[in-house]
Amino acid sequence: MARNPKKQYEDDDGRTIVDMNVEGMRWYQAERKRTARAEARAELQEKIDRGEALTRRETIRYTFYATLAGLTVVAFIGGGTVLFIFLLWLLWH
């Protein structure tokens, strides 16, 4: 039995609306995401090697990431401290 050719719609301009590379689907390609990240890193490294400044949006993004990383460390240490004090309080009573 021959497969039907793809349907052609009048309003189809060929653009991709949503990336269908979703984990769990049979056509999922994990390498595609890895290569996209590697390409983005290589492009950023090339910009740094050329001495180009980051764009305003990139500066905001990396500042946000650094702030989140710092808050994660503070939350982890603070949570450990609170837990330690709570355990000491339980032993005191």
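Observations on the model:
- FRET efficiency, residue 67 to residue 33 (Cβ-Cβ, R0 25 Å, nearest 0.05): 0.50
- For segment 10-93, the solvent-accessible area with a 1.4 angstrom probe is 98 square angstrom per residue.
- Highest average packing first - 68-79, 20-31, Cβ atoms within 10 Å: 68-79, 20-31
- Cβ-based charge dipole, the chain, positive-most Cα from 66, 51, 20: 20
- Two-decimal Rg/Rh across the chain, once Rg and the Kirkwood Rh are taken from alpha-carbon atoms: 1.26
- Accessible-area composition of the chain, carbon plus sulfur, in percent [1.4 Å probe]: 61 percent
The values are calculated or read from the model by the stated rules, or taken from the named source; none is laboratory data. Treat the numbers as computed from the prediction; the structure is a model and nothing was measured. Every residue, glycine among them, receives a Cβ derived from its backbone with ideal geometry; neighbour counts consider all protein chains shown. The protein model used for the area step is the full one, side chains on, heavy atoms only, and it has no ligands, DNA or RNA in it. Shrake-Rupley method; radii C 1.70, N 1.55, O 1.52, S 1.80 Å.
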